[in-house]
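This report concerns only the one structure given below.
A short reminder: the numbers here are calculations on the coordinates, not readings from a lab. Everything numeric here is computed off the predicted structure, so don't read it as measured data. So basically every Cβ, Gly included, is an ideal-geometry build from the backbone, and we count neighbours across all protein chains shown.
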Amino acid sequence: MTEEQFIPKTYSEIIESGSYTWSSPSNIALVKYWGKRDNQIPENPSISFTLDACKTTTTLSFSKKGNQDSFSFDVFLDGKQQDDFKPKIETFFKRIEAYLPFLKNYHFKIETANTFPHSSGIASSASGMSALALCLMSIEKDLSTPLEVTKDYFIKKASFLARLGSGSACRSLEGDLVVWGNHDEIDGSSDLFGFKYPFEVHDVFKNYHDTILLVDKGEKQVSSTVGHGLMHGHPFAKERFKQAHINLSSLINIFKIGDLKTFIDIVESEALTLHAMMMTSMPYFILMKPNTLEIINKIWTFRKETGSHVCFTLDAGANVHVLYPENEAEQVYEFIKSELVAYCQNGHYICDRIGFGAKEILGD
Ligand code: PMV
C-alpha cells in the first residue's frame with residue numbers, strides 16, 4: 001500500500017456530533033526501532049509483543065464548529081485539563097490532516113486515562129496515540145459509506161495514523177506479535193503501518209510474561225525524538241540497521257520451534273545494542289541507571305544457577321522489562337520479588353503479559 005491510498009475520497013455522510021472510546025495497549029519491542037527517516041519511516045524493521053495491562057483508554061467527543069480554519073480541541077488526563085499535551089496533539093493533527101480532512105470541521109474533547117501512573121517512566125505515547133488514532137478512524141468510518149472502510153483498512157489506517165503520532169504506536173493495535181517495517185521474508189510487512197506477525201508461533205510464547213521493573217520514574221534526559229535523530233551520521237548505523245533485519249529473520253524460526261535459548265540471545269542483544277547506539281552517538285548519552293545493570297547481572301546469575309529462561313529487554317529508559325514463559329512464571333516471579341524489586345524506585349513494578357490489541361469500548 002502507498003500513502004496515497006490512505007487519502008479518502010469525499011465523505012458521503014454528514015455527522016454533527018458524537019463520541020467514541022477505544023482502549024489500546026502499550027507494546028515492548030524485541031527487535032528495536034531506533035533511527036528514522038522523514039515522516040516517521042523506520043530505518044529498520046522491528047517486532048514487538050503487544051502488552052495487556054499497560055493501556056490507555058481514550059474517549060473522543062466531537063461536535064461540528066463554525067470556523068474551519070484551525071484545529072480546536074481540549075485534552076483531559078484523568079479528568080484534569082492537560083494543556084501541556086496540546087502541542088504534541090497539534091503536531092499530530094497537522095501530520096495527519098491530509099489523511100483525515102474532517103479534522104478542522106469539529107471541536108474535539110479528548111479524555112484519556114492510563115492504567116499505569118503517568119510518572120512511571122513508562123511511555124504512554126504508544127498506547128495514547130494508538131487509542132486516539134482508533135477514535136479518529138471510528139469517526140471516518142461514520143462519515144464514509146459502509147463498504148468503504150473495511151475491517152482491514154480500518155486497522156491499517158489506524159496504525160498508519162498512530163505511526164505519524166509516535167512511531168512505535170503503530171505496533172499497538174493488534175496482538176500478540178506485530179512487525180513494523182519492510183522485511184524481505186515477511187510478505188505484507190510495511191514501513192507505513194504495523195502488521196500482525198503472520199507465521200507460526202510455538203505455544204511456549206503464548207501468555208509470555210513481562211514484569212516491568214520501574215527503576216527510574218523521572219523524566220528522560222534525552223527524548224526518543226532526539227535519540228532517533230542521532231542515528232543520522234552515526235558511525236555504526238548502517239551495520240545496526242542490517243543487524244535488525246538479520247535478527248528478525250532469525251526470530252522467524254525461533255518463534256516456530258520455540259527455541260528460547262536463541263530467543264534470549266537475540267532479545268538481550270537487541271536491548272544492549274539499542275543502548276550501545278545511544279552511548280556511541282554524538283552527543284553520547286546513557287539512559288540506564290546503576291540499578292538497571294544490577295538487575296541485568298542478577299538475571300544472568302539466576303539463569304546460570306537455575307537454567308531458567310528469564311531474560312530482559314529495555315526500552316529507551318532505565319526501566320527493565322523482565323520476560324519469561326508462562327510455565328516458569330511461579331519460579332521467576334518469586335525471584336523478582338525476592339531479588340529484583342529492591343532495585344526498583346519505591347519498590348514499584350508492573351506485572352504485564354502479552355496481549356491481543358486494542359478494543360472499542362461501547363457505550364450503553
Ligand atoms: O516510538 P518512539 O519514537 O517513542 O521510539 C521508540 C523506540 C524504542 O522504544 C526504544 C524501540 C521500539 O522499537 O519501541
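Farthest toward the positive end of the dipole of the chain, out of 194, 322, 107, is the Cα of 107, where the dipole comes from beta carbon charges about the Cα centre. Quick one: helix 260-279 against the long Cα principal axis of the chain, what's the angle to the nearest 10°, folded into 0 to 90? Helix 260-279 and the main axis of the chain meet at about 70 degrees. Of 163, 303, 353, the sequence from fewest to most neighbouring Cβ atoms within 10 angstrom is 303, 353, 163.
Dividing the convex hull volume of the alpha-carbon atoms in segment 155-240 by its residue count gives 163 Å³ per residue. Multiplying each eigenvalue of the alpha-carbon gyration tensor of the chain by 5 and taking the square root yields semi-axes of 35, 22, 20 Å, largest first, rounded to whole angstroms. Helix 86-96 axis versus longest C-alpha principal axis of the chain: approximately 70°, rounded to the nearest ten.
For segment 130-269, averaging the sequence separation of C-alpha pairs within contact (under 8 Å, six or more residues apart) and dividing by the residue count gives a relative contact order of 17 percent. For segment 206-353, the spread of Cα coordinates along the three principal axes comes to 45, 40, 24 Å, biggest extent given first. A helix-only calculation puts the chain at -10500 deg cm²/dmol for mean residue ellipticity at 222 nm, using -39500 (n - 2.57) for each DSSP H run of at least four residues, averaged over all residues. Between the Cα long axis of helix 290-306 and the first principal axis of the chain there is an angle of about 60°, rounded to the nearest 10. Ranked for footprinting exposure by Cβ neighbours inside 10 Å, fewest first, 275, 309 give 309, 275. Only Cα pairs under 8 Å and 6+ residues apart enter the sum, and on that basis the relative contact order of segment 206-353 stands at 46 percent. Fewest-first ordering of 125, 46 by other beta carbons within 10 Å of each residue's beta carbon gives 125, 46.
For the chain, the relative contact order comes to 24 percent (Cα pairs under 8 Å, sequence separation of at least 6).
Of all DSSP beta bridges confined to the chain, the antiparallel ones make up roughly 90%.
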